[in-house]
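Everything below concerns the one structure shown next.
The values are calculated or read from the model by the stated rules, or taken from the named source; none is laboratory data. All values reported here derive from a predicted model rather than from experimental measurement. Methodologically, a virtual Cβ is constructed for each residue, glycine included, from the backbone with ideal geometry; neighbour enumeration extends over all protein chains shown. Ligands, DNA and RNA are stripped out before the accessible areas are found, and what is left, the full protein with its side chains, is counted by its heavy atoms. Shrake-Rupley method; radii C 1.70, N 1.55, O 1.52, S 1.80 Å.
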Amino acid sequence: MTKKLSRRSFAKIAGSAALVSTASTALNPFSEQEARAETPMQSTQAREFPKEFLWGSATASYQVEGAVKEDGRGPSIWDTFSHTPGKVVENATGDVADDHYHRYKEDVQLMKSLGVKGYRFSIAWPRVFPNGDGAPNPKGLDFYNRLVDELLANSIQPFATLYHWDLPQALQDRVGGWESRDTSKAFGEYAGYVAEGLSDRVKHFFTINEFGAFVELGYRTGIHAPGLKLPPGRFNQTRHHAVLGHGLAVQAIRAKAKPGTKVGLAENMAICVPVIETTQHIEAAERAARELNAQYMTVIQEGKYTDAYLANAGADAPKFTPEDLKIISSPLDFAGINIYTPTYVRAANTPLGFEVVPSPKSYPHMASWWLNIGPEALYWGPHHVAKLWNVKEIYITENGCSSSDIPAADGIVYDTDRVMYLRNYISQLQRATADGVPVKGYFLWSLMDNFEWADGYTNRFGLHYVDYATQKRTPKLSASFYREVIARNAVV
Ligand code: GBH
């Protein structure tokens, strides 16, 4: 099926290879439709994704919405934290962020032009329950009603996350946030209320985004809101309340949502990559995947903490009842995993039969120092989840990277490093689907640059560049790349 290159497209390819991008010669990211028609490449045919594969993009409420005091929204722990001097780079806040609250229609058009079929967004709990619990604020849910309607009108499926870290400040003040079971309960009630209101149109809910980030950073290292550094016993109990909140939310959604609503989570598991793909190391990586995720994903999937986790915690182990474990392991319809970096594992003569291999100093990373590049993570992550827990539907709920992203003279960001990152990761995801691993979709983080938590606005993850002074969004080279992947349903 190879087509001969027309003289015109040959000239175009030769031209763009020979020239460095300048304002006058830059390759135009909007003219690729034509190139696609002219140069179907044979190599991509072998690298196709399954027919119904769902390509999407993702954001989260506090990172994009702004409008923090509008329509009755209550304060969240991130408002308080970001307004505390010294907590966020340049003391940046999410007060305005991408002003998505007012510009959501324009943002849906950005998605449409990429061709995404799904959008993963999060709901700000303090918009819906300004005090955490008690009386709901109908205007809060209204915003998401408008957003969902706009998405559906543009043939984009809404995927809603219920908790992406913006806990109502009232719960932090009254009960100590996730340190208390009361927060788990309040989360369940909030989840049920949202599911009741949106599930006529939203068919997929994620309970919690990244236990492995907000609990660890918020309650142990203090780098994220609420900025606490709890001692191990209290900290392990906080972890337990987070997974309990997840389970209560699953049950509430089942009770309140329309039939056919699917529930899962979005967890940034440690992704254990075998150092060499031999049986020995692969098996070690599988064991490691259970143990290194014992406190969140494993207990959710298996209904018990691993013996090693409990033994290791000793007197600091969480206190729980058998009933808690049942709630925590309420059956899910799918698993969502956020995948950025690999954890290399090898077989070893240790009690658990594996060892984590630390990264050498020279290990390459993206603009964020922690973002080590390891495309195989996108193969092994879903592989472990399917194999260890027999999960039948997997979504990659986040994958993407930061880049220094400086617009060229023509205003476009030529983020060749992001394209390199995505191409390699998506290739490994294709390898997983080709092996029959049931990955149903992929949500690229992120649709546009946004508030990167403690890094403020310094690390950009978007496919669209956001000029925060004007709120202008401009597609980067990576947006053209992703549009092409989606159009061909293949690695390009
Ligand atoms: C995701 O976390 C988040 O879900 C998303 O909101 C975020 O924008 C995106 O990634 C990009 O960062 O502060 O030094 O201890 C990814 C997993 C775990 C990566 C915590 C950063 C912090 C390192 N994150 N980690 S540090």
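Each residue of segment 54-63 is assigned a 3J(HN,Hα), and the resulting list reads 9, 8, x, 9, 9, 8, 9, 3, 5, 7 Hz, derived from the Karplus form 6.51 cos²θ - 1.76 cosθ + 1.60 (θ = phi - 60°), x at Gly and Pro.
In this structure, the amide hydrogen of Leu54, modeled 1.01 Å from its nitrogen in the peptide plane, lies closer than 5 angstrom to those of Gly441, Tyr442, counting only residues at least 5 positions away or on a different chain.
Rounded to the nearest 0.05, what FRET efficiency do Ala348 and Asp435 give with R0 = 35 Å and r taken as the Cβ-Cβ distance? Could you check? Show your work: numbers first, answer last.
On the way: r = 26 Å, r/R0 = 0.75.
The pair Ala348/Asp435 has a calculated efficiency of 0.85.
Backbone amide hydrogens, once placed in the peptide plane, bring Ser76 within less than 5 Å of Gln169, excluding anything fewer than 5 places away on its chain. Rounded to the nearest 10 square angstrom, Asp333 shows an accessible area of 60 square angstrom against a 1.4 Å probe.
Per-residue 3J(HN,Hα) values for segment 336-352, derived from phi via the Karplus relation 6.51 cos²θ - 1.76 cosθ + 1.60 with θ = phi - 60°, read x, 10, 8, 10, 10, 10, x, 10, 7, 10, 10, 5, 7, 7, 10, x, 9 Hz in sequence order (x marks Gly and Pro).
Around the amide H of Glu393, modelled in the peptide plane, lie the amide H atoms of Ala335, all under 5 Å away and 5 or more residues distant in sequence or on another chain.
Which residues does the label zone of Lys105 cover in segment 134-149, counting backbone N under 14 Å from a point 7 Å along Cα→Cβ? Only 146-149 fall inside the zone, counting backbone N under 14 Å. Helices assigned as whole DSSP H runs in the chain whose Cα atoms extend at least 24 Å along their own long axis and whose mean Kyte-Doolittle hydropathy is -0.5 or higher are found at 181-198, 232-256. Overall shape of segment 111-183 was characterised from the C-alpha gyration tensor. The equivalent ellipsoid obtained from it has semi-axes of 30, 13, 7 Å, in decreasing order. On the accessible surface of the chain, probed at 1.4 Å, how many percent belong to carbon and sulfur atoms? In the chain, the share of accessible area belonging to carbon and sulfur is 55 percent. The Ile223 and Ser362 beta-carbon pair, evaluated with R₀ = 25 Å, returns a calculated FRET efficiency of approximately 0.50. Exposed loop sites were defined as trypsin sites (Lys or Arg not before Pro) in DSSP loop states (anything but H, G, I, E or B) carrying at most 11 other C-beta atoms within 10 Å; in the chain the longest segment without such a site runs 70-228.
3J(HN,Hα) couplings calculated from phi for segment 121-136 with the Karplus curve 6.51 cos²θ - 1.76 cosθ + 1.60 (θ = phi - 60°) are, in sequence order, 10, 10, 9, 7, 3, x, 6, 7, 10, x, 9, x, 9, x, 7, x Hz; Gly and Pro show x.
Where in the chain lies the longest segment free of GluC sites (Glu not before Pro) that are both loop residues by DSSP (not H, G, I, E, B) and have at most 15 other Cβ atoms within 10 Å?
Value returned for the longest uninterrupted segment is 53-276.
Once the C-beta distance of Val275 and Asn424 is scaled by a Förster radius of 22 Å, the resulting FRET efficiency is 0.75 to the nearest 0.05.
Calculate the dipole size of segment 343-399 relative to its Cα centre from +1 charges on Lys and Arg beta carbons and -1 charges on Asp and Glu beta carbons; express the result in debye to the nearest 20.
On the way: 4 positive and 4 negative charges, 24 e Å.
Once rounded to the nearest 20, the dipole reads 120 debye.
The label-point distance for Thr321 and Asp95, in a model that sets each label 7 Å from Cα toward Cβ, rounds to 4.6 nm.
Report summary: the helix-based calculation at 222 nm, which adds -39500 (n - 2.57) for every DSSP H run with n ≥ 4 and divides by the residues of the chain, gives -12000 deg cm²/dmol.
For a quick check of your reading of the filter: which chymotrypsin sites (Phe, Trp or Tyr not before Pro) in segment 307-397 sit in a DSSP loop and have no more than 15 other Cβ atoms within 10 Å? Walk me through the numbers on the way to the answer.
Working: sites: Tyr309, Phe320, Phe334, Tyr340, Tyr344, Phe354, Trp369, Trp370, Tyr379, Trp380, Trp389, Tyr395; in loops: Phe320, Phe334, Tyr340, Trp369, Trp370.
The qualifying sites are Trp369, Trp370.
Rolling a 1.4 angstrom probe over the protein heavy atoms with all chains in place gives segment 388-492 an accessible area of 29 Å² per residue. Note on Glu48 and Thr458: their simple-model spin labels are 4.6 nm apart, each label 7 Å out from Cα toward Cβ.
On the principal axes of its alpha carbon atoms, the chain extends 72, 58, 47 Å, with the longest extent given first.
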